[in-house]
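Enquirer: This is the structure I have questions about; it appears just below.
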Amino acid sequence: MFAKTLGAGIVGLNGVLLTIEVDIANGLPGMDIVGLPDAAVRESKERVKAAIRNAGFDFPYQRITVNLAPADLKKDGSGLDLPIAIGILTASGQLGKADLSQVVLVGELSLDAKVRGIAGVLPMTVMCRQEGIGKIIMPVENLAEGNAVDEVQIAAVDSLQLTVGILQGISSGLDNPEARVLASGIKPLDDFKDVQGQFAAKRALEIAAAGGHNIMMTGPPGAGKTMLARRIPSILPPMTREEAVEVSKIYSVAGLLGPLNGLMKERPFRSPHHTVSAAAMAGGGRFARPGEVTLAHHGVLFLDELPEFSRSVLEVLRQPIEDGQVTVARVSSSYTYPSRFMLVISKNPCPCGYFGDSLQQCTCSEMEIRRYLRKISGPLLDRIDLHINVPRLKYEEMVSNRHTESSEEISGRVGQARIRQALRLVGTGIFCNAQMNHRQIKEKCEILTDAQLLLQSAFEKMKLNARSYDRIIKVSQTIADLDGQKKISFSHMAEAIQLRIAIFENGK
Ligand SMILES: [Zn+2]
């Protein structure tokens, strides 16, 4: 007897339709899975066998051949358990006359026939819509992400028995009302109003958020660099639906969406520890999962204590910062993942942390300081648009009752500036100033003559390279946008240059 079911796999960030053919014939009892299965799929044999028995069905004592198609595509993960099991039940005549041609099945089976959640269900559901397949049966744990896709009927299951019941038309899928309630609520983000003082740093972060620029904060321990960085998502503009779908697909494939999340509502904030490996940063490994640079897509990648990161990890950042994507090599193939993020870096001014501090003496030798700063490569420094010093709060600042703005007030201005950018960049495929290339800067940025002269003299005096030149113009454009001005004036340019030159003061 022969049966055919539909399953789904993942290539890069996209779902692909798989066909599972099951043939049961007389011969030496046993089960073979062919069609480039990986180890996890091969292990499926034992799970499927136990699950079928423990669900109260018969496991055929015959020769079973399972063929996964298309044959040239490597199949990984455990999500094929369910379509394989249903294929065996159909081919052995235990399912009755169910129509399996218009339903995709995904899910891992446990030995006692429970259906467990898997990674990548969101892109798999998107694939169903694209392929014109109207129905998908998925683990109830993944229901929230499946629900994010319109036009596909979803049945959520927690067991093999329930899956059979649904296919026979005698049961309906489970609901997870909890998933719906929680997915619609957004947890409050940390707010800038809780950060005393640090007005210069906040201004720089507002500019960075408004234009999507990379920023580096230098200051002693306890100055509040991490506190400031964590609040950046609270002033970034909300994600468009298109951005939210893209980010959610990444988290789904990485298995990080969680049982209660549908579409991601907030921009990602990733803060990998400095012991992170180059593979975890870039992505890859056995299953070619997205790395930190991709998990930060459309959000913030925060590297706390930058000089502590290994050089090979920092090297990985170059391609994403330059191209907005990262190529992950696997044994047989390579994937390109999106990775367009705002890079936020913090570092101490020296190994002990107190160089230039007003209260505590630095104990480092000149040599140690130089070695410490040399860890950050020139090419990486070059790609940071804004450099600011975050000193420790003075007593007057701590007790001052100067109005501390809330994130809502700041994000209002950021939003206005982003709208100006979007209008100016319409039709270019990019959305903020930081993403402009050299040609787009020439076309889109209007610089008044005195601002032009200022830039020219800074360029000569500070021996800037062409990359710095472009980056200063982009930042000055963002400052003009925040100011509600069309053209870049002297004061916009002066502030942009000031925010760039801390790089030299920091002893590059
Ligand atoms: Zn020191």
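Enquirer: Criterion first (free of Cβ contacts under 8 Å to residues at least 40 places away in the same chain and open to solvent by 30 Å² or more (accessible area, probe 1.4 Å)) does residue 323 satisfy it?
Expert: Details: free of Cβ contacts under 8 Å to residues at least 40 places away in the same chain: yes; open to solvent by 30 Å² or more (accessible area, probe 1.4 Å): yes.
For residue 323, the condition - free of Cβ contacts under 8 Å to residues at least 40 places away in the same chain and open to solvent by 30 Å² or more (accessible area, probe 1.4 Å) - is met.
Enquirer: Does segment 482-494 hold any residues that are part of a helix (DSSP H, G or I) and either without any contact (Cβ under 8 Å) to a residue 60 or more places away in the chain or basic (Lys, Arg) (or both), and which are they? Spell out how you get there, then give the answer.
Expert: So the first thing to find is which residues in segment 482-494 are part of a helix (DSSP H, G or I), and the list is 482, 490-494.
490, 491, 492, 493, 494, listed by residue number.
Enquirer: Residues that are farther than 20 Å from residue 137 by Cα, at least 3 per element: which strands (runs of 3 or more DSSP E) completely within segment 1-89 meet that?
Expert: Working: elements: 2-11, 14-25, 30-34, 63-69.
Those strands (runs of 3 or more DSSP E) span 14-25, 30-34, 63-69.
Enquirer: Would you mention how many residues in segment 448-470 are surrounded by 18 or more Cβ atoms within 10 Å (Cβ to Cβ) and within 12 Å of residue 494 (Cα to Cα)?
Expert: Counting residues in segment 448-470 that are surrounded by 18 or more Cβ atoms within 10 Å (Cβ to Cβ) and within 12 Å of residue 494 (Cα to Cα) gives 4.
Enquirer: Wholly within segment 366-426, which helices (runs of 4 or more DSSP H) include no fewer than the required count, namely at least 3 residues that are within 16 Å of the ligand (Cβ to nearest atom) and open to solvent by 20 Å² or more (accessible area, probe 1.4 Å)? Talk me through it step by step, then tell me what you get.
Expert: Values: elements: 366-374, 378-382, 395-399, 407-424.
Counting at least 3 such residues, we get 366-374.
Enquirer: How about segment 14-45: which of its residues are surrounded by fewer than 17 Cβ atoms within 10 Å (Cβ to Cβ) and free of Cβ contacts under 8 Å to residues at least 24 places away in the same chain?
Expert: Listed by number, the residues that qualify are 39, 42.
Enquirer: With respect to residue 265, determine if the residue is in the same structural domain as residue 206 (by TED's automatic domain parsing) and crowded, with 21+ Cβ neighbours inside 10 Å. If you could, list the steps in order and put the result at the bottom.
Expert: Details: in the same structural domain as residue 206 (by TED's automatic domain parsing): yes; crowded, with 21+ Cβ neighbours inside 10 Å: no.
Considered against the rule, which asks whether it is in the same structural domain as residue 206 (by TED's automatic domain parsing) and crowded, with 21+ Cβ neighbours inside 10 Å, residue 265 comes out as no.
Enquirer: Within the set of pairs 6 or more residues apart or between chains, which connect a residue that is among the aromatic types (Phe, Trp, Tyr) inside segment 348-375 to a residue that is near the ligand (Cβ under 9 Å from one of its atoms) and open to solvent by 100 Å² or more (accessible area, probe 1.4 Å) with Cβ atoms less than 8 Å apart?
Expert: Note: pairs meeting the criteria are 354/361; 354/363.
Enquirer: Look at residue 360 and say whether it is under 27 Å from residue 237 (Cβ atoms) and either outside the structural domain of residue 38 (by TED's automatic domain parsing) or away from the ligand (no atom under 16 Å from the Cβ) (or both).
Expert: Values: under 27 Å from residue 237 (Cβ atoms): no; either outside the structural domain of residue 38 (by TED's automatic domain parsing) or away from the ligand (no atom under 16 Å from the Cβ) (or both): yes.
For residue 360, the condition - under 27 Å from residue 237 (Cβ atoms) and either outside the structural domain of residue 38 (by TED's automatic domain parsing) or away from the ligand (no atom under 16 Å from the Cβ) (or both) - is not met.
Enquirer: Let me ask another. Select from segment 395-425 the residues that are aliphatic (A, V, I, L, M) and touching a residue at least 24 places away in the same chain (Cβ under 8 Å) and write down the one among them that is farthest from residue 206 (Cα to Cα). Walk me through how you get there before you give the answer.
Expert: Kept after step one, since they are aliphatic (A, V, I, L, M), are these residues of segment 395-425: 398-399, 410, 414, 417, 419, 422-423, 425.
Keeping just the survivors that are touching a residue at least 24 places away in the same chain (Cβ under 8 Å) gives 398, 410, 414, 417.
On the way: 398: 21, 410: 7, 414: 7, 417: 10 Å.
Step by step, filter segment 395-425, then rank; the result is 398.
Enquirer: Residue under question is residue 121, and the condition is that it be touching a residue at least 40 places away in the same chain (Cβ under 8 Å) and surrounded by fewer than 24 Cβ atoms within 10 Å (Cβ to Cβ); does it hold?
Expert: Working: touching a residue at least 40 places away in the same chain (Cβ under 8 Å): yes; surrounded by fewer than 24 Cβ atoms within 10 Å (Cβ to Cβ): no.
Considered against the rule, which asks whether it is touching a residue at least 40 places away in the same chain (Cβ under 8 Å) and surrounded by fewer than 24 Cβ atoms within 10 Å (Cβ to Cβ), residue 121 comes out as no.
Enquirer: Got a number for residues in segment 338-353 being buried (at least 20 other Cβ atoms within 10 Å of the Cβ) and within 13 Å of the ligand (Cβ to nearest atom)?
Expert: Number satisfying all stated conditions: 4.
Enquirer: Moving to a separate point now. Considering only segment 79-100, state which residues are more than 22 Å from residue 29 (Cα to Cα) and not hydrophobic (A, V, I, L, M, F, W, C).
Expert: At the first step, the residues of segment 79-100 found to be more than 22 Å from residue 29 (Cα to Cα) are 79, 96-100.
Matches in segment 79-100: 79, 96, 97, 99.
Enquirer: May I pose another question? Would you mind finding the one in 217, 264 that is within 30 Å of residue 77 (Cα to Cα) and in contact with a helix residue (DSSP H, G or I) (Cβ under 6 Å, 6 or more places away or on another chain)? Quick ask: steps written out before the conclusion?
Expert: Values: 217 fails: within 30 Å of residue 77 (Cα to Cα).
Of 217, 264, the one residue that is within 30 Å of residue 77 (Cα to Cα) and in contact with a helix residue (DSSP H, G or I) (Cβ under 6 Å, 6 or more places away or on another chain) is 264.
Enquirer: Taking into account only those residues within segment 480-492 that are open to solvent by less than 60 Å² (accessible area, probe 1.4 Å) and out of contact with any Ser or Thr (no Cβ under 8 Å at 6 or more places or on another chain), which is farthest from residue 421 (Cα to Cα)? Spell out the reasoning first.
Expert: The initial filter retains those residues of segment 480-492 that are open to solvent by less than 60 Å² (accessible area, probe 1.4 Å), namely 480-482, 484, 488-489, 492.
Narrowing the set further to residues that are out of contact with any Ser or Thr (no Cβ under 8 Å at 6 or more places or on another chain) leaves 481-482, 484, 489.
On the way: 481: 7, 482: 10, 484: 11, 489: 17 Å.
This residue is 489.
Enquirer: Next up: Can you find, within segment 60-91, the residue that is modelled with the lowest pLDDT among those that are surrounded by fewer than 23 Cβ atoms within 10 Å (Cβ to Cβ) and small (Gly, Ala, Ser)?
Expert: Filtering segment 60-91 for residues that are surrounded by fewer than 23 Cβ atoms within 10 Å (Cβ to Cβ) and small (Gly, Ala, Ser), the one modelled with the lowest pLDDT comes out as 77.
Enquirer: Sticking with this one: Quick one: count up the residues across segment 46-59 that are out of contact with any strand residue (DSSP E or B) (no Cβ under 9 Å at 6 or more places or on another chain) and open to solvent by less than 20 Å² (accessible area, probe 1.4 Å).
Expert: So the count comes out to 0.
Enquirer: Just one of the numbered conditions (1) open to solvent by 10 Å² or more (accessible area, probe 1.4 Å); (2) away from the ligand (no atom under 16 Å from the Cβ); (3) in contact with a strand residue (DSSP E or B) (Cβ under 8 Å, 6 or more places away or on another chain) is not true of residue 318; which one?
Expert: (3)
Residues checked against (1) surrounded by fewer than 22 Cβ atoms within 10 Å (Cβ to Cβ); (2) closer than 30 Å to residue 408 by Cα; (3) touching a His at 6+ places or on another chain (Cβ under 7 Å); (4) at pLDDT 85 or above:
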residue: 115; (1), (2), (3), (4): no, no, no, yes
residue: 131; (1), (2), (3), (4): yes, no, no, yes
residue: 150; (1), (2), (3), (4): yes, no, no, no
residue: 164; (1), (2), (3), (4): no, no, no, yes
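The values are calculated or read from the model by the stated rules, or taken from the named source; none is laboratory data. On a predicted model such as this, the values are computed, not experimentally measured, just so you know. Methodologically, a virtual Cβ is constructed for each residue, glycine included, from the backbone with ideal geometry; neighbour enumeration extends over all protein chains shown. With ligands, DNA and RNA removed, areas are computed over all heavy atoms of the protein, side chains included. Shrake-Rupley method; radii C 1.70, N 1.55, O 1.52, S 1.80 Å.
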